[in-house]
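S.K.: This is the structure, below, for whatever I ask next.
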């Protein structure tokens, strides 16, 4: 019996998406420009449960707009201080395992966030690893196909004429 691919597992949950049984989250692609260069670096963090590379993301919050939630999650999970763009950069879908063990598709609205500062102390310090990658290296590290695509588009989106 062959092991299902990530896309195969996601496709198996498509009925939940079509039935409106998905959850919504907001995330941040945290980036910086290499000093003195135009190159962009992207910060990835490890998830607490599986240790796989992800971007900061979280649940909607009362009285906070999506880009503000993305900023808050970047702070709590990675110690990032910076400004997220109000306009969404895109979406990606992943399978969220709830505390009950149920798997539910999560649709993540992603915002670009320019990192102004990385704090030494933040709420989830010690629970995650943080590492800077080029956009293509970051795309190679994450599992979700749509997120891979978003990460590969970051540099073009930040080009001076955008």
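None of the figures in this text is laboratory data; all of them are computed from the coordinates on show. What you are looking at is a predicted structure, and each value in this text was computed from that prediction instead of being measured. Cβ: placed from backbone, ideal geometry, glycine included. Neighbour counts: every protein chain shown.
S.K.: Report, for region 6-156, the % of DSSP beta bridges that are antiparallel, rounded to 5.
M.R.: 75
S.K.: Taking the highest mean first, how do the peptides 122-130, 82-90, 67-75 order by number of other beta carbon atoms within 10 angstrom per residue?
M.R.: 67-75, 82-90, 122-130
S.K.: Quick one: 121, 52, fewest Cβ neighbours within 10 Å first, how do they rank?
M.R.: 121, 52
S.K.: So if each residue of separation counts as 0.36 nm, and I subtract the Cα-Cα distance between residue 140 and residue 50, what length gain in nm does that give?
M.R.: Taking residue 140 through residue 50 to full extension adds about 30.7 nm, to one decimal.
S.K.: What relative contact order, as a whole-number percentage, does region 25-148 give when Cα pairs under 8 Å and 6 or more residues apart are counted?
M.R.: 33
S.K.: Right, here's the next one. Based on alpha-carbon atoms only, what is the radius of gyration of region 88-154 relative to the globular estimate 2.2 N^0.38 Å?
M.R.: Here the Cα radius of gyration is 1.30 times the empirical estimate.
S.K.: Determine, for 26, 31, the number of other Cβ atoms within 10 Å of each Cβ, and report the residues in order from fewest to most.
M.R.: The order, fewest Cβ neighbours first, is 31, 26.
S.K.: Here is a follow-up. Averaging over all projection directions, find the projected area of the Cα convex hull of region 6-156 and quote it in nm² with one decimal place.
M.R.: 9.4
S.K.: OK, next. Taking the beta-carbon count within 10 Å as an exposure proxy, list 34, 106 from fewest neighbours to most.
M.R.: In order of increasing Cβ crowding within 10 Å: 34, 106.
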